[in-house]
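Visitor: Sharing a structure with you now.
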Amino acid sequence: MKYMKERYPQAMFLRQDGEGGGIYHPSVLRTLEQITEVATSILKDADSGLIVFSGCGTSGRLAFMTARTFNKKLESVGKHGCFKYLIAGKDKALFTSQEAPEDDPICGKEMLQEICMNQRKVLFIGITCGLSAPYVAGQLDYCLKNLDVFTPVLLGFNPTNMARNNKIEKWNKTFSDVVSELQKAVSDGKAFILNPVVGPEPITGSSRMKSGSATKILLETIFVGAYTSSQNLTKSKWNPQNHLDIYRAICERVYSVDFSKKISHLIKLGAECLQKNGSIYYLGLDSIGIVGMIDASECPPTYSATLDDVRGFIEGGYTCFGNKEGDLKHLGKHFHISLEDFKTDIAPHLGEKDLVIILSTEGNLSQASFVQSLSCHKAVLAFKDCDIPQEKFDVVIRAQIDNDINLGSVVKDVVDGFRNMYCEMFTKWVCNAVTTGAHVMKGKVYQNSMVDLKVSNNKLYYRSVGIIQKFSNESRDESERYLLKSIYNTDNLSESHCSKTVADHIDVATPLERVVPRAMLAAILKCPISEAEKRLIQEPVIRTVISQTLNSVK
Ligand code: F1P
């Protein structure tokens, strides 16, 4: 894989100047301060309004996590938790990707209306890394029509001129149209756009990585600031830059020589397990466990992984998880999330081809006898100086946020109350590295492209067309025809295939396997779909079959 410095996670902290600068850009810092002021005014009287985070996929899951963190914080000081989250596809989407609802702006608007009924003041933060999700577009549009109640914020990581301009089905605007309207409200001081450039993702389009991390970092910077100001915890004015410095220090620590050696070891173990059709399991405590679960949930849409390839479990199950709809176990085995479920459903079947990674702030999970007796590969990531029986684990990563990381100029007392958040960030970087690295080693990526993605929403449909075009040198229209041929498993597209909507194509494509690789091979070789499928059966490692095919037509 081509590695460019700007793709490294650390690159998101680069001090870029000029238009479209990074997270330290003065205009970004100013916007952070302004949003913090609005949030502070709501938190000072938490019964007076709401703060709503909303998004799709990873962005929605981070919306959930952030609302959970700050509600807990408010409740710990006897206040009412005024943070709410919305995610396209509702709570089911916290665990498995439900990407079709992402394309529905009306559904987005209605869900927002429902939770904001009778509110007088709402700070709405719509998160969409690519400035693209119709679900969020519908919500921002609704806020713009009701600026007396809503202060809308668009959080994403593209310059505004790159906002998606594709037609949204059954709607009369594009995301880009909504951004233009938002810009007018921004100039009137009634809305905000927070869209620093964090550079390209290591795997093109895998916004769960840098953009996901930046989402978490920026939201936490705003709300740690708002919380501390509303509680009068600090006399000096909140300085977002100091808070961003903490994450920069954590990122440098994760990628320091000693930690990266251990993480590479973990990636190799993970890859070996996936290659042997084994699994990676995260077992975690509290929010650190949730980070593992989120990481796992992103593997199917990004790498066409099965729901069993990477899974996460959390001590206390749904009670600890704290989602709106509560226990979702009835939806099937992939919604069994507690350690007890892991012990009964998974532990008895573990073997040499599986890897269990303990994620723990305390280390007490790593000491649990049930973990130590598991007959599989085991690793632990812990954040306290605890007594980990090293000999029982293949990899031990022990990070001490206080000692390892210079918390520098940030008020120590402020940071003390949010230590878990920094551990979560550390964990996210480790988990993302493990699952990305393991899938790359499994051959799920060609160069920097996620060539085996699921064609499960409008954005991913057109991304797939782009990937086929890039490697086949066919025209865009012809590349789309190859995609359709692969979806409908035919070499002769009929009138009825061609007259269907993109949403119809997505419905058919979502449950299918290897749709994009099959279309790519057929487009490169100009061969029937059945011939492409035969090649994929003969050589199931996607990267290998693509590079062999490309070499054969050189
Ligand atoms: C939302 C999202 C991603 C997911 C996939 C489909 O993207 O669900 O989280 O990985 O790419 O879209 P965005 O709206 O945050 O750009």
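Visitor: Kindly indicate whether any position in segment 240-249 is at pLDDT 95 or above, basic (Lys, Arg), within 30 Å of VAL440 (Cβ to Cβ) and more than 16 Å from the ligand (Cβ to nearest atom).
Guide: Checking segment 240-249: not a single residue is at pLDDT 95 or above, basic (Lys, Arg), within 30 Å of VAL440 (Cβ to Cβ) and more than 16 Å from the ligand (Cβ to nearest atom).
Visitor: Follow-up question, since we're still on this one. Could you check, for segment 49-56, whether at least one of its residues is farther than 25 Å from PHE321 by Cβ, touching a residue at least 24 places away in the same chain (Cβ under 8 Å) and open to solvent by less than 50 Å² (accessible area, probe 1.4 Å)?
Guide: Yes, because at least one residue in segment 49-56 is farther than 25 Å from PHE321 by Cβ, touching a residue at least 24 places away in the same chain (Cβ under 8 Å) and open to solvent by less than 50 Å² (accessible area, probe 1.4 Å).
Visitor: A follow-up question, please. Using beta carbons and a limit of 6 Å, which pairs, at least six apart or on different chains, have the first residue in segment 199-215 and in the same structural domain as SER59 (by TED's automatic domain parsing) and the second one part of a helix (DSSP H, G or I) and among the β-branched types (Val, Ile, Thr)?
Guide: Between residues of segment 199-215 that are in the same structural domain as SER59 (by TED's automatic domain parsing) and residues that are part of a helix (DSSP H, G or I) and among the β-branched types (Val, Ile, Thr), the close pairs are SER206/THR302; ARG208/THR58; GLY212/THR58.
Visitor: Only residues that are within 16 Å of the ligand (Cβ to nearest atom), on the phi < 0 side of the Ramachandran plot and among the small types (Gly, Ala, Ser): list them for segment 301-316, please.
Guide: Residue satisfying the conditions is ALA305 alone.
Visitor: Just a yes or no: is a residue in segment 76-99 open to solvent by 30 Å² or more (accessible area, probe 1.4 Å), within 22 Å of the chain's Cα centre (by Cα) and within 13 Å of the ligand (Cβ to nearest atom)?
Guide: yes
Visitor: Can you find even one residue in segment 219-240 that is open to solvent by 30 Å² or more (accessible area, probe 1.4 Å), farther than 17 Å from ARG419 by Cα and among the hydrophobic types (A, V, I, L, M, F, W, C)?
Guide: yes
Visitor: Still on this structure, please answer the following. I'd like the full set of residues that are over 23 Å from the mean Cα position of the chain (by Cα) and of a type in the set (D, E, K, R), limited to segment 176-235.
Guide: ASP177, GLU181, LYS184, ASP188, LYS190, LYS235
Visitor: Pick from segment 1-48 the residues that are closer than 30 Å to GLY443 by Cβ and in a helix (DSSP H, G or I): which of them is modelled with the lowest pLDDT?
Guide: Top of the filtered list is LYS5.
Visitor: Keeping to segment 43-73, report how many residues are farther than 16 Å from LEU219 by Cα and more than 16 Å from the ligand (Cβ to nearest atom).
Guide: The total comes to 6.
Visitor: So if I check each of GLY199, GLY189, which one is open to solvent by 20 Å² or more (accessible area, probe 1.4 Å) and modelled with pLDDT under 95?
Guide: After applying the criteria, what remains is GLY199.
Visitor: One residue is enough: does segment 78-88 have a residue meeting the conditions without any contact (Cβ under 8 Å) to a residue 24 or more places away in the chain and in a helix (DSSP H, G or I)?
Guide: There is no residue in segment 78-88 that is without any contact (Cβ under 8 Å) to a residue 24 or more places away in the chain and in a helix (DSSP H, G or I).
Visitor: While we're looking at this one, here's another question. Looking at (1) more than 15 Å from the chain's Cα centre (by Cα); (2) β-branched (Val, Ile, Thr); (3) open to solvent by less than 10 Å² (accessible area, probe 1.4 Å), can you tell me which one ILE290 breaks?
Guide: Only one criterion is unmet by ILE290, namely (1).
Visitor: Would you point out which residue out of SER297, SER304, SER279 is of a type outside the set (A, V, I, L, M, F, W, C), in contact with a strand residue (DSSP E or B) (Cβ under 7 Å, 6 or more places away or on another chain) and within 28 Å of PRO202 (Cα to Cα)?
Guide: SER279
Visitor: Next question, about the same structure. Those residues that are in a loop (DSSP other than H, G, I, E, B) and either free of Cβ contacts under 8 Å to residues at least 24 places away in the same chain or open to solvent by 10 Å² or more (accessible area, probe 1.4 Å) (or both), I need them from segment 431-449; list them, please.
Guide: LYS442, LYS444, GLN447, ASN448
Visitor: Among the candidates SER180, SER260, SER256, SER211, single out the residue that is open to solvent by 30 Å² or more (accessible area, probe 1.4 Å) and closer than 22 Å to GLY437 by Cα.
Guide: Exactly one of SER180, SER260, SER256, SER211 is open to solvent by 30 Å² or more (accessible area, probe 1.4 Å) and closer than 22 Å to GLY437 by Cα, namely SER260.
Visitor: Pairs needed: first member in segment 139-150, in a strand (DSSP E or B); second member anywhere, among the small types (Gly, Ala, Ser) and surrounded by 15 or more Cβ atoms within 10 Å (Cβ to Cβ); C-beta distance under 9 Å; at least 6 residues apart or different chains.
Guide: Hits for this filter: PHE150/ALA191.
Visitor: Is it the case that some residue within segment 194-215 is closer than 13 Å to ALA137 by Cα and within 14 Å of the ligand (Cβ to nearest atom)?
Guide: No; the residues of segment 194-215 include none that is closer than 13 Å to ALA137 by Cα and within 14 Å of the ligand (Cβ to nearest atom).
Visitor: Go through segment 113-147 and give me each residue that's of a type in the set (Phe, Trp, Tyr) and within 16 Å of the ligand (Cβ to nearest atom).
Guide: PHE124, TYR135
The values are calculated or read from the model by the stated rules, or taken from the named source; none is laboratory data. The model shown is predicted, which means the values in this text are computed figures rather than measured ones. As a convention, Cβ positions derive from the backbone with ideal geometry for all residues, glycine included, and neighbour counts pool all protein chains shown. We work out accessible area using only protein heavy atoms, side chains counted, and drop any ligands, DNA or RNA first. Shrake-Rupley method; radii C 1.70, N 1.55, O 1.52, S 1.80 Å.
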